[in-house]
Amino acid sequence: MSSFTDHFLRINNLQEDFQSWHFQPGMAFGSPDLWWGQRKPRPCKHEGLDLAFYLDQHGQSRSLPASANFGPLIDGIVIKIFDDFLGKSILIHHPNYDQGQIYSIFGHTNPLPHLQAGCKVSMDKSIGSIANFTPKIHGPLPHLHLSFFKLSTDLSPLSLNWSMLSNSGKVLLVDPLKMLYTKFP
Ligand SMILES: [Zn+2]
């Protein structure tokens, strides 16, 4: 039994040091404001979680290692990979959960070179690393964005993009926090 977080810690050699994920104001699901620059309001409430920091065994906040690797939240199939403002986004379908309507998106990544639409992904294998790119002085630090959602059956997942996540009315966003720690066989 292991979770997304267990795998993340193992592949990035953080098991000894890590106590929990650490979300600064603006990083959590539904946050109204950005966590960088002048912390302006977001165009829409945060559609997921930003993974950039963790608390170590002493309760100190630490940045994730540069270009940290990660695996999928749960097993699934890659639907598509598309550009975002810091790297690439990976949309994954999780057909074995909730009548096949569950999806996740990782944003701001550098996917493994062979990863493409149709690839099966499993929790015990990496799919990419966090994109090591900051656009300008007041841009965010490199971080991994994660959205988790249920998609209405009358919308093709292939047509999904970032603005539709909040505005289409076809996407039921869920806070992924619990899933980060949920253990699967
Ligand atoms: Zn985000």
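The table that follows gives values for the structure above.
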| read-out | value |
| --- | --- |
| Loop-located chymotrypsin sites (Phe, Trp or Tyr not before Pro) in the range 65-149 whose Cβ has at most 13 other Cβ within 10 Å (DSSP) | 85, 133 |
| Two-site FRET efficiency, residue 166 against residue 112, from Cβ-Cβ distance with R₀ of 22 Å, rounded to 0.05 | 0.20 |
| The range 80-180: trypsin sites (Lys or Arg not before Pro) in DSSP loop, at most 14 other beta carbons within 10 Å | 125, 136 |
| Net charge dipole size for the range 70-180 [Lys, Arg +1 and Asp, Glu -1 on Cβ; Debye, nearest 20] | 120 debye |
| Amide H within-cut-off set for residue 68, under 5 Å, with H built and near neighbours excluded | 130 |
| For the range 151-185 versus the range 114-129, the gap between their alpha-carbon centres in whole angstrom | 18 Å |
| Prolate/oblate/rounded call for the range 36-132, Cα gyration tensor, a/c under 1.5 rounded | prolate |
| Per-residue Cβ neighbour rank within 10 angstrom, fewest leading, 11, 127, 79 | 11, 79, 127 |
| Average Cα contact separation per residue, the chain, under 8 Å, 6 or more apart, as relative contact order % | 25 percent |
| Of 130, 102, 90, the one that fluctuates the most in a GNM where the chain has Cα springs shorter than 10 Å | 102 |
| Lysine pair count for the range 70-180 [Cα-Cα under 26 Å; pairs on different chains or 8 or more apart] | 20 |
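Taken together, the values in this text are just the output of simple stated rules run on the coordinates, not laboratory data. What you see is a predicted model; the values in this text were computed from it and never measured. Don't worry about glycine lacking a Cβ; one is built from the backbone with ideal geometry, like all the others, and counts go over all protein chains shown.
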